[in-house]
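Chemist: Handing you a structure now.
The values are calculated or read from the model by the stated rules, or taken from the named source; none is laboratory data. Given the structure is predicted, the values throughout are model-derived calculations rather than measurements. Methodologically, a virtual Cβ is constructed for each residue, glycine included, from the backbone with ideal geometry; neighbour enumeration extends over all protein chains shown. Calculation scope for accessible area: heavy atoms of the full protein, side chains included, ligands and nucleic acids excluded. Shrake-Rupley method; radii C 1.70, N 1.55, O 1.52, S 1.80 Å.
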Amino acid sequence: MKKYFNTTGVCVPRKHYMVNIDNKLKEIKKLIDKENYFVINRPRQYGKTTTLNQLKKHLYTEFLIISISFEGIGDLVFSEENLFCNAVLDIMVDNLALTNANKSNLLKKLSINIYNLKDLSKVITKFIEQCDKEVILLIDEVDKSSNNQLFLSFLGMLRNKYLLRETDEDHTFKSVILAGVHDIKTLKLKLRTGEDKKYNSPWNIAVNFNVDLSFNPEEIATMLVDYDNFNNLSMDIKKLSEKIYYFTSGYPFLVSRICQVIDEDFYEENKQPWTLNDIDKAVKIILDERNTLFDSLIKNLENNDALLKFINRIVLDGEEFSFVASDNLINLGVTYGFLKNNNGKCVVANRIFEQYIYNHLASRTARESVSFSGYNIKQSFITKAGGLNFENILRKFQLFMKEQYSSKDIPFLEQHGRLLFIAFIKPIINGVGFDFKEVQVSEEKRLDLIITYNNFKYIIELKIWRGEKYHENGINQLCNYLDIHNLNKGYLVVFNFNKNKEYKEELICKNQKEIFSVFV
């Protein structure tokens with residue numbers, strides 16, 4: 001059977017190229033062996049359902065697995081307590097894959113009229129006692145029901161059974177695992193309808209789930225090895241997996257999507273070894289597409305002004321913030337997949353998200369600014385060799401800034417000036433070129449922009465004027481950056497917001513490098 005990379009729904013080893021997650025499953029099993037209850041809360045398309053599916057296969061010989069997903073079950077079962085409780089019982093029994101006769105016999109042993117959660121609790125106890133294996137309960141897509149008070153009461157009932165088990169007063173599931181985007185431990189449970197008093201959480205018995213579900217380069221390599229062997233190729237697995245990780249930081253959907261684009265868009269008919277340039281091209285395609293993950297990211301960003309401003313300060317200005325788990329805004333950014341903890345610093349989760357957010361902000365800035373018409377006509381900047389005349393691009397941008405903005409626009413430009421340049425250059429490179437940002441944290445708030453166009457590469461530094469000393473330091477840093485990319489020429493755009501500033505250009509020669517700069 002022909003295998004392929006999958007980015008929708010659950011991944012299946014016999015059909016799809018997959019990362020080997022055995023080490024992650026072993027870490028999860030350690031929690032189960034300790035009889036822990038826990039929540040696997042990760043952002044959308046982070047492989048939660050696939051992980052649960054693989055976990056079931058990993059555990060089925062040792063445990064009885066009861067798997068529930070309330071997605072698609074319908075709202076009717078949540079309308080009345082007895083309907084909900086009987087639906088849960090049916091799902092539990094169906095998971096046993098019994099014949100109709102055996103199923104009927106089991107239901108007789110469990111015989112009790114179920115009207116409420118108290119009755120369901122008794123049935124669960126009987127059910128556990130009838131099983132010859134310890135029972136694990138998996139509940140996927142808990143976000144679909146987390147706003148339903150009946151479902152939260154169900155979790156509260158499981159919580160009470162857990163506490164009674166610890167004192168040998170009841171029998172219940174060995175482990176209960178919930179999976180969803182939000183950490184359900186933060187939700188609250190009313191004691192009874194109309195009462196203000198609440199528990200801190202119906203699930204405060206859950207331990208922290210610290211298993212890293214992202215893919216490191218070695219794990220990404222296992223999927224590439226599978227692909228390589230299946231297609232009889234000879235790829236540089238180590239370099240490819242490290243480059244994929246560089247862009248994705250191991251975000252499962254993004255890892256699979258890069259591989260999917262390369263395989264299906266570049267080598268669908270003629271399988272060949274991948275190159276590092278293939279990964280760059282795949283990232284460019286992904287950044288230009290709309291998908292459910294990106295739509296969710298942007299929706300969550302646009303719907304929370306405080307989060308938008310916070311992300312803006314990190315992405316655009318390169319500001320540093322300590323990662324404080326108790327900070328609600330940081331925690332929200334982590335929940336939605338925007339942010340992560342990097343050695344105690346709060347950073348954007350991966351370079352693709354950072355770039356996508358940057359492009360989105362640049363597009364917004366372009367809509368809010370004056371027209372670029374007449375300034376950034378693509379044909380006037382293309383060289384005979386198929387490259388870009390960057391000196392002319394910078395001169396035109398300088399002219400645009402001089403003619404269209406004045407001192408009264410300084411507050412806008414201080415915040416959006418660099419995004420203006422990105423929006424200015426987009427129509428020039430679109431279709432052929434690829435731009436990628438590298439925020440450099442410093443007092444100058446530098447931004448290094450890497451642009452590839454055909455076989456040419458350009459390094460442009462965008463920074464705010466902070467005085468001669470910082471300017472000289474910036475020149476040295478740009479020279480070092482050019483060294484890293486094996487380039488002898490770089491470009492510099494300096495945003496000077498002083499009242500008596502001069503619109504000028506300079507050609508700087510330093511450390512055997514040539515830097516063309518404009519002041520705007």
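Chemist: Output the qualifying pairs, or none if there are none: Cβ atoms under 6 angstrom, residues six or more apart or on different chains, first residue in the stretch 17-34 and closer than 20 Å to Ile136 by Cα and in contact (Cβ under 8 Å) with a residue 24 or more places away in the chain, second residue surrounded by 14 or more Cβ atoms within 10 Å (Cβ to Cβ) and of a type in the set (Val, Ile, Thr).
Modeler: Sorted first by the residue in the stretch 17-34, then by its partner, the pairs are Lys24/Val211; Glu27/Val211; Ile28/Val211.
Chemist: Check Thr8 against each of (1) without any contact (Cβ under 8 Å) to a residue 12 or more places away in the chain; (2) of a type in the set (Val, Ile, Thr); (3) under 24 Å from Ser214 (Cα atoms); (4) open to solvent by less than 40 Å² (accessible area, probe 1.4 Å) and name the one condition it does not meet.
Modeler: The single condition Thr8 does not satisfy is (4).
Chemist: Taking into account only those residues within the stretch 475-515 that are open to solvent by 10 Å² or more (accessible area, probe 1.4 Å) and among the aromatic types (Phe, Trp, Tyr), which is farthest from the chain's Cα centre (by Cα)? Full working, then the answer.
Modeler: As a first pass, look at the stretch 475-515 and keep what is open to solvent by 10 Å² or more (accessible area, probe 1.4 Å): 476-477, 480-481, 483-489, 491, 496-514.
Still in the running and among the aromatic types (Phe, Trp, Tyr): 481, 491, 497, 503.
Numbers: Tyr481: 28, Tyr491: 32, Phe497: 36, Tyr503: 41 Å.
The residue in question is Tyr503.
Chemist: Let me ask another. Identify all residues within the stretch 374-411 that are in contact (Cβ under 8 Å) with a residue 40 or more places away in the chain and more than 24 Å from Tyr453 (Cβ to Cβ); write none if there are none.
Modeler: Passing the criteria: Lys402, Ser407, Ile410.
Chemist: Does Ser373 satisfy being surrounded by fewer than 19 Cβ atoms within 10 Å (Cβ to Cβ), more than 28 Å from Ile410 (Cα to Cα) and either modelled with pLDDT under 90 or in contact with a Pro (Cβ under 8 Å, 6 or more places away or on another chain) (or both)? Talk me through it step by step, then tell me what you get.
Modeler: Values: surrounded by fewer than 19 Cβ atoms within 10 Å (Cβ to Cβ): yes; more than 28 Å from Ile410 (Cα to Cα): no; either modelled with pLDDT under 90 or in contact with a Pro (Cβ under 8 Å, 6 or more places away or on another chain) (or both): yes.
No: the conditions fail for Ser373.
Chemist: Considering the stretch 1-36 alone, what residues qualify as being β-branched (Val, Ile, Thr) and over 23 Å from the mean Cα position of the chain (by Cα)?
Modeler: Passing the criteria: only Ile32.
Chemist: Condition first: surrounded by 16 or more Cβ atoms within 10 Å (Cβ to Cβ), within 30 Å of the chain's Cα centre (by Cα) and modelled with pLDDT under 85. Can you find one or more residues in the stretch 448-458 that meet it?
Modeler: Yes.
Chemist: Could you list all residues from the stretch 304-341 that are under 27 Å from Ile285 (Cβ atoms) and modelled with pLDDT of 90 or more?
Modeler: Scanning the stretch 304-341 gives Leu308, Ile311, Gly333, Tyr336, Gly337, Phe338, Leu339, Lys340.
Chemist: Then there's this: Under the condition of being within 26 Å of Phe497 (Cα to Cα) and in contact with a Gly (Cβ under 9 Å, 6 or more places away or on another chain), which residue from the stretch 427-447 is modelled with the highest pLDDT?
Modeler: Ranking the qualifying residues of the stretch 427-447, first place goes to Leu447.
Chemist: Next question, about the same structure. Are any of the residues in the stretch 168-182 assigned to a loop (DSSP other than H, G, I, E, B), modelled with pLDDT of 90 or more, open to solvent by less than 20 Å² (accessible area, probe 1.4 Å) and in contact with a Pro (Cβ under 9 Å, 6 or more places away or on another chain)?
Modeler: No, the conditions are met nowhere in the stretch 168-182.
Chemist: Tell me, which residue of the stretch 45-60 that is in a loop (DSSP other than H, G, I, E, B) and open to solvent by 30 Å² or more (accessible area, probe 1.4 Å) is farthest from Glu27 (Cα to Cα)?
Modeler: The residue in question is Gln45.
Chemist: While we're here: Looking at (1) under 24 Å from Phe353 (Cβ atoms); (2) in contact with a strand residue (DSSP E or B) (Cβ under 8 Å, 6 or more places away or on another chain); (3) surrounded by fewer than 18 Cβ atoms within 10 Å (Cβ to Cβ); (4) of a type in the set (S, T, N, Q), which one does Asn208 not meet, given that it meets all the others?
Modeler: (1)
Chemist: Between Phe412, Phe381, which is open to solvent by 50 Å² or more (accessible area, probe 1.4 Å) and aromatic (Phe, Trp, Tyr)?
Modeler: Phe412
Residue-wise test of (1) in contact with a strand residue (DSSP E or B) (Cβ under 9 Å, 6 or more places away or on another chain); (2) closer than 21 Å to Tyr246 by Cβ.
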site: Val315; (1), (2): yes, yes
site: Gly318; (1), (2): yes, yes
site: Ser322; (1), (2): yes, no
site: Ser326; (1), (2): no, no
site: Gly337; (1), (2): no, yes
site: Asn350; (1), (2): yes, yes
site: Glu354; (1), (2): yes, yes
site: His360; (1), (2): no, no
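Chemist: What's the number of the condition Tyr115 fails, among (1) modelled with pLDDT of 80 or more; (2) in a helix (DSSP H, G or I); (3) open to solvent by 50 Å² or more (accessible area, probe 1.4 Å)?
Modeler: (2)
Chemist: May I pose another question? Give me a count of the residues in the stretch 211-239 that are more than 27 Å from Phe38 (Cβ to Cβ) and either in contact with a strand residue (DSSP E or B) (Cβ under 6 Å, 6 or more places away or on another chain) or acidic (Asp, Glu) (or both).
Modeler: Number of matching residues: 3.
Chemist: Looking at the stretch 122-145 only, could you name the residues that are open to solvent by 20 Å² or more (accessible area, probe 1.4 Å) and assigned to a helix (DSSP H, G or I)?
Modeler: Scanning the stretch 122-145 gives Lys122, Thr125, Lys126, Ile128, Glu129, Gln130, Asp143, Lys144.
Conditions tested, residue by residue: (1) part of a loop (DSSP other than H, G, I, E, B); (2) over 26 Å from Lys26 (Cα atoms); (3) modelled with pLDDT under 95.
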residue: Thr193; (1), (2), (3): yes, yes, yes
residue: Asp196; (1), (2), (3): yes, yes, yes
residue: Asn204; (1), (2), (3): yes, no, yes
residue: Val225; (1), (2), (3): no, no, no
residue: Leu233; (1), (2), (3): yes, yes, no
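Chemist: Can you spot a residue in the stretch 37-54 that is under 20 Å from Ile124 (Cα atoms) and touching a residue at least 40 places away in the same chain (Cβ under 8 Å)?
Modeler: For the stretch 37-54, residues under 20 Å from Ile124 (Cα atoms) and touching a residue at least 40 places away in the same chain (Cβ under 8 Å): present.
Chemist: If only one of Glu319, Glu289 is farther than 30 Å from Tyr267 by Cα and in a loop (DSSP other than H, G, I, E, B), which one is it?
Modeler: Glu319
Chemist: Next question, about the same structure. When Tyr17 is evaluated against the numbered criteria (1) farther than 30 Å from Glu129 by Cβ; (2) among the hydroxyl-bearing types (Ser, Thr, Tyr); (3) at pLDDT below 95, which criterion, by number, is the only one it fails?
Modeler: All conditions pass for Tyr17, except number (3).
Chemist: Taking interchain pairs and intrachain pairs at least six residues apart, which have beta carbon atoms under 7 angstrom, with the first residue in the stretch 218-236 and under 15 Å from Gln260 (Cα atoms) and open to solvent by 30 Å² or more (accessible area, probe 1.4 Å) and the second at pLDDT 95 or above and of a type in the set (Ser, Thr, Tyr)?
Modeler: Asp226/Tyr17
Chemist: Can I ask one more? Counting just the residues of the stretch 237-250 that are open to solvent by less than 10 Å² (accessible area, probe 1.4 Å) and hydroxyl-bearing (Ser, Thr, Tyr), which one comes out nearest to the chain's Cα centre (by Cα)?
Modeler: Ranking the qualifying residues of the stretch 237-250, first place goes to Thr248.
Chemist: Suppose the filter is more than 30 Å from Val39 (Cβ to Cβ) and among the aliphatic types (A, V, I, L, M); does Val261 pass it?
Modeler: yes
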